[in-house]
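Coordinate-derived values only; no laboratory data. For clarity, every value in this text was computed on a predicted model and none was experimentally measured. Heads up, the Cβs are rebuilt from the backbone with ideal geometry, glycines too, and the neighbour counts pull from every protein chain shown.
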Amino acid sequence: MSTAVNSLTAISTWSIDPAHSSVHFKVRHMMISNVRGEFRTIRSDLKLNDADITQSKIDIEIDSSSIHTRDEQRGAHLRSPDFLDAERHPLLTFRSTKVDKTGGDTFRVQGDLTLHGVTRNVALVSCPRSK
């Protein structure tokens, strides 16, 4: 006779703290220099599976109009239909589809990134904390 054992998995839900979190980017400009910027308005929900981190899920929403590059003219151009089209596409989203542990405290999160109305599968890689 076999006995089935039910175990409850501890899943905790976390929201990003925008005061202590950021989304930064760097792009090559005219093959000469790099332009750095950030998105200042982000929201995220993380469903952390404490028993099996690979079963965790993350959803991120970024306000496309919150882009900041320290140059208002460039920012306006990036918000325009030429790039983000923030008026028609107010959110950039990322929805995880897979989480892999790649090291002691590093992870690779595969998911669907939607930008300018187009969705592509991308991988985000965590960086180890500096001590």
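Taking Lys and Arg as +1 and Asp and Glu as -1, the other residues whose beta-carbon sits under 15 Å from that of ILE16 total -1.
When the alpha carbon gyration tensor of the chain is reduced to an equivalent ellipsoid, the three semi-axes, largest first, read 35, 17, 14 Å.
Counting only helical runs of four or more DSSP H residues, what would the 222 nm mean residue ellipticity of the chain come to if each run contributes -39,500 (n - 2.57) and the total is spread over all its residues?
Only helices count here, giving -1500 deg cm²/dmol.
Taking ARG120, ARG70, ARG28 as the candidate residues, the one with maximal mean-square fluctuation in a Gaussian network model of the chain, Cα springs under 10 Å, is ARG28. Largest GNM mean-square fluctuation among ASN121, ASN49, ASN34, using the chain with Cα springs under 10 Å: ASN34. How many angstrom lie between the C-alpha centres of segment 81-108 and segment 25-44? A separation of 14 Å, based on Cα centres. Within the listed set ALA51, ALA86, ALA19, the residue fluctuating most in the Gaussian network model of the chain (springs between alpha-carbon atoms under 10 angstrom) is ALA19.
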